[in-house]
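Trainee: Next up is a structure, given as structure tokens.
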Amino acid sequence: MIVGYARVSTQDQNPELQVDALEKAGAEQVFQEKFTGTLRERPELSQCLRMVREGDVLIVWKLDRLARSLKDLVEIVQDLQDRGVGFKSLTESIDTTSSGGRLVFHIFGALAEFERDLIRERTMAGLQAARARGRKGGRKPALSTMDTQKAAAMLLDPKITKTEVAQHFGVSRTTLNASLARLKKTSLNSNINDHTPQG
């Protein structure tokens, strides 16, 4: 039995062209997907794939009617092949019932694997670059050096608490303490350098 599957695209909401071509190619039954968009669920395709049996041939007008990515396309056609179901695409003249058509799909499978490897490599490279940027830069301190110096000066007054200073600059006590510690460390390093004999 020859079974057809048609799906409208966002640009072409009329499946009649596809259906006519499929019926002309000998399709005895045509499953039509009536909606488009980002919805992954395609009930007509699911029903079509459940219905086909060994010896049947599934035909589509164009490869992109069956799947939205090379990976999905290869997986669907591989499943059909494992079940003894042939596959034809009219526009691309692909026919897995012939040795030439099977060869084409082996190439498609290799390309899909290549695509997966590229995505994996790009993801890893992106993560490494992000980590490298994090090591070099990191988050900017909430308090500038000048504000931290002002805060340190305010705290010389025993009547002013750290909580009040933190509220004044709109930061938490933890952030204030971290900024003061950085300032102290910077000042300490500066004093050491100033008193180091120059050779």
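Trainee: Would you be able to say whether some residue in the stretch 102-113 is under 25 Å from Gly26 (Cβ atoms) and β-branched (Val, Ile, Thr)?
Mentor: yes
Trainee: Do you know which residues across the stretch 138-188 are more than 39 Å from the chain's Cα centre (by Cα) and of a type in the set (Ser, Thr, Tyr)?
Mentor: Matches in the stretch 138-188: Thr145, Thr148, Thr161, Thr163, Thr186, Ser187.
Trainee: Scan the stretch 30-45 and report the pairs whose first residue is closer than 18 Å to Glu75 by Cα and whose second residue is modelled with pLDDT under 85 and assigned to a strand (DSSP E or B), with Cβ atoms within less than 6 Å and a gap of 6+ or a chain change.
Mentor: Note: pairs meeting the criteria are Arg42/Glu33; Glu44/Glu33.
Trainee: Something else about it: Out of the residues in the stretch 161-188 meeting the condition of being hydroxyl-bearing (Ser, Thr, Tyr) and part of a helix (DSSP H, G or I), tell me which one is nearest to Ser144 (Cα to Cα).
Mentor: Let us first name the residues in the stretch 161-188 that are hydroxyl-bearing (Ser, Thr, Tyr), namely 161, 163, 172, 174-175, 179, 186-187.
Subsequent filtering for residues that are part of a helix (DSSP H, G or I) retains 163, 174-175, 179, 186-187.
Working: Thr163: 18, Thr174: 15, Thr175: 11, Ser179: 8, Thr186: 13, Ser187: 15 Å.
Selected residue: Ser179.
The values are calculated or read from the model by the stated rules, or taken from the named source; none is laboratory data. Every value quoted in this text rests on a predicted model; they were computed, and no experiment measured them. FYI the Cβ positions are ideal-geometry reconstructions off the backbone, even for glycines, and counts take in every protein chain you see.
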